[in-house]
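First up is the structure itself, then whatever we jot down about it.
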Amino acid sequence: MGQQSNLKRFWRHGDALWEALLVALALAFLVLVLHIGWMLWQDSELSRRAFGWRFLIPTAISHWNPAKGLFQAWPSIYGTLVTSLVAIVLAVPISIGIAIFLAEICPPWLRLPLNYLVEMLAAVPSVVYGLWGIFVFLPTVAVSAGNFLAATLGKVPGLMALFHGPIPTSGLSRLGASFILTIMIIPTIAAVSRDVFLAIPREQREAALALGATHWEVIWDVLIPYGASGFLGAIILGLGRALGETMAVTMVIGNSVEGSYSLLRPGYTMASIIANEFAEAVKALHSSALMEIGLILFGITLLVNVMARILVWRVSSRVPGR
Amino acid sequence: MGGVRFEHRYTYRKAVNIIMLSTTGLLTLLALIPLFWVTGYVIVKGGRYLDLDFFTRLPAPLGQPGGGVLHAIEGSILIVALATLFSAPAGVLIGYYAARHPNTPLGMGVRFATDVLSGVPSIVVGLFVYGVVVVRLHTFSVLAGGVALAIIMLPTVIRSTEEMVKLVPPSLREAALALGAPEWRTAISVVLPAALEGIVTGVILGVARAAGETAPLLFTTLGNDNFEVIRLAKLAIGVGASPWEIARLILTQPVDALPLTLWKYSQQPYPERVNQAWAIALVLMMLVLGLNLMARVWLAYRRRR
């Protein structure tokens, strides 16, 4: 009797309904995210059946020919990997430098405006970077850098395959894409690294200073080793952004499947080949192959992001009493 | 002897200190060069081609000067509004759930899924919405674009709601419960309003991100040079359509958006189109950077109080 009236009150309050609504929405959200992977898996079935693992393995770079029904993802996977790696190599020192400056050195009055500027750098729409890349940045900076690389590293026997020129006069190339990616991932790496620095307990700095270390020695010998896994996480997060970046890269990489591995030549990335060809893919096998590339991209970015989150979380959870 | 060596060592260490510390400052400047370069160029170049026609007319035929991008402005507004409608209420409730149940399997699942979704490349979201919405409706549409951008916005909304709800003092919630308010009433009239400013900021940041996205729209809205809401509505009223039918007609049209049009124009050999691409870039930058700056400055200001 008493129990029943409790139950009645419970329902009249509406809390069960509220809880049900929240749980339903949360579950729907999980289903949505799972469904993205599931749909890509299903819609790429045709391509997976036709090519199997051959789709993924390295081959001559021009094995992507919609007219002949020949599809292998390697050319675009190569493009994605090489542009992202070059971007990471260029972006890491700059980003860590910014993070050090923002967290450790910069005077307080400058901190807020600088933080805003770095965030603005991240907020500029990707198409705007692309437009600026095509008409301003590539013809000047990328072309001169490309010519310089072709004349120096391009002559070194072991590196010829990577740096042989000439770079197109438009600058549309893997190198150009790497440069634009560098600009786009710097804010991500810098912001996360800055937070890692800020999460390191004060005692670490004070102990090192008390032992007579200079400011730089505190940063280099104490803070960076202390936050190492966090910085690694920041870098991997930047890598995730570079791997998935679509529009700016599509606009500046030249979108071509010519058979060259060189950084100075045009190419494709996984994201750019989908952006460029999916709307025009008439044949079922073609669109299915693009779906499979989407699936691979989804898988890789998933892996990369999960790894990054775990690393960053390990530093911030080690901080006592925060 | 030892003292001299120590002096040397000390000078060396001081020099390294100064050089490296100033290097970090220089690197910060270096990274900001592209920001000023892009912004400056877009303002100078885009400002020159921005006029009233740009906002009020449909595109001129290819190769002819004049015309505007009214179709893309209307398209962007509709798509982003729809995306906000889809993602904001759901995202706020999901974020509230994640904040209230941080350690249950579902709560952890939601937080994990939020991280995953924010890392999914936007082009993949486009593929997904193509498969789920466009294929079923048999047409590229405003609706599909709205769904795609809603998925892009969701992680931002969920995460900011979660963080803001966590900042609301527990005593506030307990006070409401102690007065006999049920859990749902407490959430809607006490906890969420207390976190409202942060939540709104999160939604604005989501809108800013969605408004600049191109990749998810490539195969969901496709593009449509003749999209004009008022003309469509007049046409539909002319044949006696009900409001429901008018809405359906508009939402199932292929449509352009500002970033999408910018991308298309940048690929065209006509100088008029490229010039307009710069003007679109200026409008987009003002919109996106303006929203961003507004949201962040406001939040920082409120936090300090």
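The values are calculated or read from the model by the stated rules, or taken from the named source; none is laboratory data. Given the structure is predicted, the values throughout are model-derived calculations rather than measurements. Using ideal geometry, Cβ is built from the backbone for each residue, glycine included, and neighbour counts are taken over all protein chains shown.
Here are the numbers:
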item: Selection from segment A:165-199 of residues that are of a type in the set (A, V, I, L, M), under 16 Å from A:V86 (Cα atoms) and out of contact with any Pro (no Cβ under 6 Å at 6 or more places or on another chain); result: A:L175, A:A177, A:I180, A:L181, A:M184, A:I185, A:I186, A:I189
item: Single match in B:V147, B:V124 (criterion: without any contact (Cβ under 8 Å) to a residue 60 or more places away in the chain and within 12 Å of chain A (Cβ to nearest Cβ)); result: B:V124
item: Breaking point among (1) in contact (Cβ under 8 Å) with a residue 60 or more places away in the chain; (2) over 16 Å from the mean Cα position of the chain (by Cα); (3) surrounded by fewer than 24 Cβ atoms within 10 Å (Cβ to Cβ), for B:L235; result: (1)
item: Any hit, segment A:168-176, residues being crowded, with 16+ Cβ neighbours inside 10 Å and modelled with pLDDT under 90; result: no
item: Unique residue being outside any helix (DSSP H, G or I), among the small types (G, A, S) and at negative phi when the list is B:A210, B:A181, B:A175, B:A187; result: B:A181
item: Residue in segment B:243-262 that is in a helix (DSSP H, G or I), within 14 Å of chain A (Cβ to nearest Cβ) and β-branched (V, I, T) present; result: yes
item: Breaking point among (1) part of a loop (DSSP other than H, G, I, E, B); (2) under 28 Å from B:A277 (Cβ atoms), for A:E119; result: (1)
item: Matching option when the condition is under 25 Å from B:I199 (Cα atoms), assigned to a helix (DSSP H, G or I) and modelled with pLDDT under 90, among B:L299, B:L291, B:L287; result: B:L299
item: Filter result (among the small types (G, A, S) and closer than 29 Å to A:V33 by Cβ) within segment B:150-193; result: B:A150, B:S160, B:A187
item: Subset of segment B:42-56 [in a helix (DSSP H, G or I) and without any contact (Cβ under 8 Å) to a residue 24 or more places away in the chain]; result: B:V44, B:L52, B:D53, B:F55, B:T56
item: Residue selected from segment A:265-286 under the condition in contact (Cβ under 8 Å) with a residue 40 or more places away in the chain and part of a helix (DSSP H, G or I), by the criterion farthest from the other protein chains (Cβ to nearest Cβ); result: A:L285
item: Given (1) charged (D, E, K, R); (2) in contact with a His (Cβ under 6 Å, 6 or more places away or on another chain); (3) in a helix (DSSP H, G or I), number of the condition B:K234 does not satisfy; result: (2)
item: Flag if A:W132 is under 30 Å from A:A234 (Cβ atoms), assigned by TED's automatic domain parsing to the domain that holds A:L198, touching a Pro at 6+ places or on another chain (Cβ under 9 Å) and without any contact (Cβ under 8 Å) to a residue 12 or more places away in the chain; result: yes
item: Test: A:G14 is away from chain B (no Cβ under 14 Å) and either over 30 Å from B:T186 (Cβ atoms) or surrounded by fewer than 17 Cβ atoms within 10 Å (Cβ to Cβ) (or both); result: no
item: Test: residue in segment A:98-112 that is under 30 Å from B:L218 (Cβ atoms) and within 14 Å of chain B (Cβ to nearest Cβ); result: no
item: Scope segment A:238-264; condition more than 8 Å from chain B (Cβ to nearest Cβ), among the small types (G, A, S) and in contact (Cβ under 8 Å) with a residue 40 or more places away in the chain; matching residues; result: A:G238, A:A242, A:A248, A:G254, A:G259, A:S260, A:S262
item: Any hit, segment B:54-66, residues being surrounded by 14 or more Cβ atoms within 10 Å (Cβ to Cβ), within 30 Å of B:R248 (Cα to Cα) and more than 26 Å from the chain's Cα centre (by Cα); result: yes
item: Restricting segment A:205-230 to residues that are part of a helix (DSSP H, G or I) and touching a Phe, Trp or Tyr at 6+ places or on another chain (Cβ under 9 Å), the residue that is surrounded by the fewest Cβ atoms within 10 Å (Cβ to Cβ); result: A:I224
item: Among residues of segment B:57-92, those that are more than 30 Å from A:W18 (Cβ to Cβ) and touching a residue at least 12 places away in the same chain (Cβ under 8 Å), counted; result: 21
item: Any hit, segment A:239-253, residues being of a type outside the set (V, I, T), surrounded by fewer than 24 Cβ atoms within 10 Å (Cβ to Cβ) and not in a helix (DSSP H, G or I); result: no
item: Residue match in segment A:60-82 (condition: part of a strand (DSSP E or B), surrounded by 19 or more Cβ atoms within 10 Å (Cβ to Cβ) and among the aromatic types (F, W, Y)); result: yes
item: Options B:V80, B:V92, B:V42: the member that is within 11 Å of another protein chain (Cβ to nearest Cβ), closer than 30 Å to B:V191 by Cα, in contact with a Leu (Cβ under 8 Å, 6 or more places away or on another chain) and of a type in the set (V, I, T); result: B:V92
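Table: residues versus (1) under 27 Å from the mean Cα position of the chain (by Cα); (2) among the aliphatic types (A, V, I, L, M); (3) outside the structural domain of A:A308 (by TED's automatic domain parsing).
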| position | (1), (2), (3) |
| --- | --- |
| A:A145 | yes, yes, no |
| A:K155 | no, no, no |
| A:H164 | yes, no, no |
| A:F179 | yes, no, no |
| A:I189 | yes, yes, no |
